[in-house]
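For reference, the structure is listed below as structure tokens.
Throughout, read-outs are computed from the coordinates displayed, never taken from laboratory work. Predicted model, so just to flag it, every value in this text is computed and none were measured. Cβ placement follows ideal geometry from the backbone for every residue including glycine, while neighbour counts extend to all protein chains displayed.
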């Protein structure tokens, strides 16, 4: 199979695809369609930052029409920085940041103005805007919602009372160190060089903790100086931008309702764009809920407790039960994307140590939906090692291994072989039962002291005291649920099974 490698230009990749298609016509149509959205996205970005997009777009099956006025659709308001040269903000209706032409999704709340999709776009509608203030910069830049090309699903609406996001000098700007797998603080002077200086090519995205006057917290993931590298499609910076866009699309396509439920997935407020002039060029960034501290920064600290590792494992199990395979779980760096909100003021120290803090998974650029998880083990301490490929879901097996639950050192009294055999026997005795229900029964019978996956949402009981008694489940909001069901309304349907 052909893949776009770091050494390919887009044209070289497309030429190889055309050659492959010409000799394999029966699958050519599908391959061309899979590359189409990516090519259109490249063309849009090239036009956005005033580079010659003709060579980039050559070979596309469609022409992407982008108004030349897009290049003028930037402004910043000068406060006391004489370098900025403020200009008036023109009409920005082509940046329909909330994708307002798309209808509300089925089942989404309709009474909260902070999360409702907006009304249909009219000729007088302007895109939402935000003021972004970096402490010490002297300037508040105006950012406007950026509509991702060929993408119509909605993001969250920013609450109407939030008009300015402040980023402090200290303890507010970070990047994930690719060599140490931990979050590190960066200075504003260093951050603004991202994309313009080769020393920062491998630094990963710069992100900030932004606050409002009401102390609300947001996470801004920045791609600075887009105009300096957008024509260099093989650059690490360009790949970072592409991943940021893929992450945003996956949020609105597959996790909109899940984020509105306030668990597991941060709320995503879309992509934004602003022109900072000579300071950091054109900047594209996403705005999401601030979720806390990555697990990699908590390892080998007082917070590195068994209960918190179980909390991390529960997050991945929950994600899989929602039909999402995270992708890219190959090393411990994946735990940078698991974020625990230890800053929640409602938590006691015991809560923070005992795995009761809110836990989120971020960074979905490699994620896929329609996942039917067929794992046969929970992510809990086990007495011995089992190859991840034997767990029934490779990603869950990898997390089990990487979190340290298959080394027999965590006090786990249940061996993987015992748990696997229990799963097999229970499934044979109850052949119509969904795997998610089997796993809940297994957890209750073999790991009775472990916190359940869905204790806040579900209640369960067994028909009798037998080892393999049938489980019954009550979803608190819906009442009794058949044990043969697949957690309807709670676990996604129509997914591809694990191989």
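Table for the structure above
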{"read-out": "For the stretch 155-304: Kirkwood Rh in Å [reciprocal of mean 1/r, alpha carbons]", "value": "16.3"}
{"read-out": "The stretch 225-296 pair-distance distribution - Cα-Cα, 10 Å bins, rounded %", "value": "18, 39, 31, 12, 0"}
{"read-out": "Backbone N under 11 Å from the residue 166 label point (7 Å along Cα→Cβ), restricted to the stretch 259-297", "value": "none"}
{"read-out": "Average projection area in nm² (convex hull over Cα atoms of the stretch 294-497, one quarter of hull surface)", "value": "11.5"}
{"read-out": "Alpha-carbon centroids, the stretch 412-469 and the stretch 202-271: separation in whole Å", "value": "38"}
{"read-out": "Rg(Cα) / (2.2 N^0.38 Å) computed for the stretch 265-348, rounded to two decimals", "value": "1.38"}
{"read-out": "Efficiency of FRET between residue 214 and residue 370 - r from beta-carbon atoms, R0 25 angstrom, step 0.05", "value": "0.05"}
{"read-out": "Burial order of peptide ranges 253-260, 269-276, 216-223 (average beta-carbon count within 10 Å, highest first)", "value": "269-276, 216-223, 253-260"}
{"read-out": "Inter-label distance, nm, simple model (7 Å from Cα along the C-beta direction), residue 429/residue 347", "value": "3.8"}
{"read-out": "Mean separation of Cα contacts under 8 Å (6+ apart) over length of the stretch 352-442, as relative contact order %", "value": "27"}
{"read-out": "For 424, 282, 246, order by how many other beta-carbon atoms lie within 10 Å, fewest first", "value": "424, 246, 282"}
{"read-out": "Packing-based order for 286-295, 429-438, 132-141, using average beta carbon neighbours within 10 Å, highest first", "value": "286-295, 132-141, 429-438"}
{"read-out": "Cβ-derived FRET efficiency at R0 45 Å, residue 461 paired with residue 185, nearest 0.05", "value": "0.35"}
{"read-out": "Cβ-Cβ FRET estimate between residue 239 and residue 304, R0 fixed at 45 Å, reported to 0.05", "value": "0.90"}
{"read-out": "Label-point gap, in nm, between residue 417 and residue 278 - each point 7 angstrom along Cα→Cβ", "value": "7.2"}
